[in-house]
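The values are calculated or read from the model by the stated rules, or taken from the named source; none is laboratory data. Fair warning: this is a prediction, and the values are worked out from it, not measured in the lab. Backbone-built Cβ (ideal geometry, glycine too); neighbour counts: all protein chains shown.
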Amino acid sequence: MSGLTPYAPTSALETGFPILEVSQLGEQESWRKEINRPLYHIHKWWATRLGSVFRAITLAALSPPGKGMWDDFYQTHNLKGKIVLDPFMGSGTTLGESLKLGAKVVGCDINPVSTFLVRQALTPVSETALRSAFEDLEAEIAPQIRRYYQTRDPETGSLIPVLYAFWVKVLDTPCGKEVPLFARYVFAQDAYPKKKPRAQIVCPECWAIFQDRYDATKVVCTGCGNHFNPQQGPASGQSLTTCEGKTYKIKSLLPVSAPPRHRLYALMALRPDGSKIYVPASEEDHSLFTEAAERLKTEDIPLPTFPVRPGHNTDQARGYNYYAWRDFFNDRQLLCLGLLLKAIMRLEDRAIREQLLCLFSSTLEFNNLFCSFKGEGTGAVRHMFSNHILKPERTPLENSIWGSNRSSGTFTSLFESRLLRAKRYLLEPFELRLENDLLGARAGTSKVIASAPISPALSESWRDLEEIDGSAALILNGNSASLPIPDRSIDAVITDPPYFDFVHYSELSDFFFAWLAPALKATYPWFQREDSSAKGEVQDKDPQAFAKHLSYVFAESRRVLKDDGVLAFSFHHSRPEGWAAIYCALAHAGLSVVAAHPVHAELRAASPKSAAKDPISLDAILVCRKRTGIEPKPYCQEEVIGRTSVLGQTLRAGGLQLSRADQFVIAASQALIAAGHESLAFEDIEKRLASILAETSVAEPEILAAAE
């Protein structure tokens, strides 16, 4: 056809990808992401992608065909002169992996919390200086916090530190009876109860606590002799039932304009010999909490003042009358967190102060009324974002904030496990390597050093980035639909865009923003807002509106991308409209999908993924080029299904389990290649993808049989 040119790949990412090797490695990394890639887990962010996967993507995207594949994965690279852009940088995975390969990076995010945490993650800071500042804080403020987290040992009468305090929401019935929202009276058990069946039970009559089996159905309270079934509490689903047999809707009993009250009933404490004990909350324990609440009224400390705005991820909390971020904490938590934040803000060194402020913000995730107890034998605190909505916790777990080396999710434990581990990773970034024994069976992993230390100069402008003769990062806050970058100046755009109907990041990040903004607004103008949202956010529950906003960012990425560069991003979705939105966004931006590679993206057991009937564990890596008059190929659905079958068999043969939804992810991504140069309306591409979904669902048993 006249005027059309044959498509010619310019990067290794367009010609192939080691999907099996990368998926196997990614699956291993996903078990402990915060340990295997600590740099991207210095602070909470959502949908953090796997570093090993993005290393492979970046290496292939910046290498010519025939290079940059699996044989080169563990080599040390110096891609000096290359510049990578991530317009949705999130936790900074693309930036970190690109810097390790020797490229310069530009990252932008519309969310101020993202911008702040990525700056802190990529800033090299002396561990000695951090420890010195931590020790100063410990001397100044830790005794005041520990003062409020102690109880008496029932055997010796001496004061011992409290690790965790157990609370329950209580409501008043119309007849004046106070009812605790226990689903069951077993409040603490081992993470593997069949191996260790001992559990802690609270009596509904006298509130004594005693031990029995986790699955016991008939127990006798050792305090008052009450006979009851500990598996049957008053709360079940959205209702509660009193001991008289009356049933009420829980929401009908909520206070008019405030969250429900809470009752403290038990504590886990630490004895000098290192053993942990459970004790019932005594009058002295209640008095200590009251003392903290009274002090809170008189202290001049920085506390959140922002409201909780209505939204997809916040409405459930608001439904329980959590209308202000301050309400997410009890008075003791507010006092101790405020004292700690005030002490951090007095630190003179800005770099050290901001690192510890980032740590403080990270600590909030594990120290609020939306946390719960995971069980013994594991990290005890289930953080507030274990669900992607802000789900009110009926039996909250109060952490001890400053903590010790025997606690989890505290300022002390996260200082060691998150902050220092991330700083050490900057000095010695490593890759995981899967090891096999002599018979070829999996025999664990080893760490391989395949990168120079990560030590970028943080640029303030594009000109600064260009002039630096070494590692450099330009980290921006703003709408990526308008970037301060010249035309055709970026070698590769590599990103992970938000999903249109799942996690609305800014609604959740407001939780951190409410504490960070007052502390940082004088330093960073992007914290001078009412919340962490901004005009131009891509997320939208309407798929066509999502496609429109995403197309603006893709069009801007196309503008700054060199003509021979690739735009690659990860995506998955279980429904046709999600993929139709991606197709339309790319088409409107003048981009075409030229390759698609399915890879492992997420631990299948991860919450809330494990709650899904047909969970998705794969991402499709969509590789795009500018539409430049390339001759289109006729669409063939049989060819799409055939490629889907081959790719699925490759992954299954390597030991990966694929769901029907995973199979659709593969098929939909292959369909976008086939539709790469067409100009289809949203409804037309959605119908085509729906047909593919139906065909892959029917074909699944045959595909499974073929793989076996």
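The table below gives the values:
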{"item": "Yes/no for Ile344 being part of a helix (DSSP H, G or I), over 29 Å from Asp212 (Cα atoms) and β-branched (Val, Ile, Thr)", "result": "yes"}
{"item": "Residues located in the stretch 224-256, provided they are assigned to a loop (DSSP other than H, G, I, E, B), modelled with pLDDT under 95 and more than 36 Å from the chain's Cα centre (by Cα)", "result": "Thr242, Cys243, Glu244, Gly245, Lys246"}
{"item": "Residue list for the stretch 222-265, restricted to those being in contact with a Ser or Thr (Cβ under 8 Å, 6 or more places away or on another chain) and of a type outside the set (A, V, I, L, M, F, W, C)", "result": "Asn229, Pro230, Gln231, Pro234, Ser239, Thr241, Thr242, Lys246, Thr247, Tyr248, Lys249"}
{"item": "Failed item, numbered, when Asp136 is tested on (1) in the same structural domain as Asp215 (by TED's automatic domain parsing); (2) in a helix (DSSP H, G or I)", "result": "(1)"}
{"item": "Helices (runs of 4 or more DSSP H) completely within the stretch 3-56 that count 1 or more residues being under 21 Å from the mean Cα position of the chain (by Cα)", "result": "19-31, 33-36"}
{"item": "Residue match in the stretch 282-289 (condition: part of a helix (DSSP H, G or I) and within 22 Å of Tyr322 (Cα to Cα))", "result": "yes"}
{"item": "Residue tally, condition farther than 25 Å from Ser252 by Cβ, in a loop (DSSP other than H, G, I, E, B) and of a type in the set (Lys, Arg), over the stretch 165-213", "result": "3"}
{"item": "Gly102 being surrounded by fewer than 24 Cβ atoms within 10 Å (Cβ to Cβ) and assigned by TED's automatic domain parsing to the domain that holds Ser557", "result": "yes"}
{"item": "Qualifying residues in the stretch 510-550 (those that are among the hydroxyl-bearing types (Ser, Thr, Tyr) and at pLDDT below 95) - the one surrounded by the fewest Cβ atoms within 10 Å (Cβ to Cβ)", "result": "Ser533"}
{"item": "Hits in the stretch 69-102 (condition: part of a helix (DSSP H, G or I) and not aliphatic (A, V, I, L, M))", "result": "Trp70, Asp71, Asp72, Thr93, Thr94, Gly96, Glu97, Ser98, Lys100"}
{"item": "Residue check for Leu432: assigned to a strand (DSSP E or B), outside the structural domain of Ala534 (by TED's automatic domain parsing) and within 28 Å of Leu130 (Cα to Cα)", "result": "yes"}
{"item": "Selected residue (only one of Leu465, Leu458 is buried (at least 21 other Cβ atoms within 10 Å of the Cβ) and either part of a loop (DSSP other than H, G, I, E, B) or in contact with a strand residue (DSSP E or B) (Cβ under 8 Å, 6 or more places away or on another chain) (or both))", "result": "Leu465"}
{"item": "Flag for Val162 being in a strand (DSSP E or B), at pLDDT 95 or above and more than 23 Å from the chain's Cα centre (by Cα)", "result": "yes"}
{"item": "Pair list, Cβ < 8 Å and 6+ apart or interchain, from the stretch 263-276 residues that are over 12 Å from Leu163 (Cβ atoms) to residues that are part of a loop (DSSP other than H, G, I, E, B)", "result": "Leu264/Ala281; Tyr265/Trp207; Tyr265/Ala281"}
{"item": "Where a residue in the stretch 670-681 is in contact (Cβ under 8 Å) with a residue 60 or more places away in the chain and on the phi < 0 side of the Ramachandran plot and its partner, wherever it lies, is in a loop (DSSP other than H, G, I, E, B) and charged (D, E, K, R), with Cβ under 9 Å and at least six apart", "result": "Gly676/Arg627; Gly676/Lys633; His677/Arg627; His677/Glu631; His677/Lys633"}
{"item": "Residue in the stretch 33-42 that is aliphatic (A, V, I, L, M) and crowded, with 21+ Cβ neighbours inside 10 Å present", "result": "yes"}
{"item": "Test for Lys541: is it assigned by TED's automatic domain parsing to the domain that holds Gly81 and closer than 20 Å to Pro87 by Cβ", "result": "no"}
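Table: residues versus (1) modelled with pLDDT under 95; (2) in contact with a helix residue (DSSP H, G or I) (Cβ under 6 Å, 6 or more places away or on another chain); (3) closer than 26 Å to Ile490 by Cα.
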{"position": "Leu4", "(1), (2), (3)": "yes, no, yes"}
{"position": "Ala8", "(1), (2), (3)": "yes, no, yes"}
{"position": "Leu13", "(1), (2), (3)": "no, yes, yes"}
{"position": "Gly26", "(1), (2), (3)": "yes, yes, no"}
{"position": "Trp31", "(1), (2), (3)": "yes, no, no"}
{"position": "Ser52", "(1), (2), (3)": "no, yes, yes"}
{"position": "Ile57", "(1), (2), (3)": "no, no, yes"}
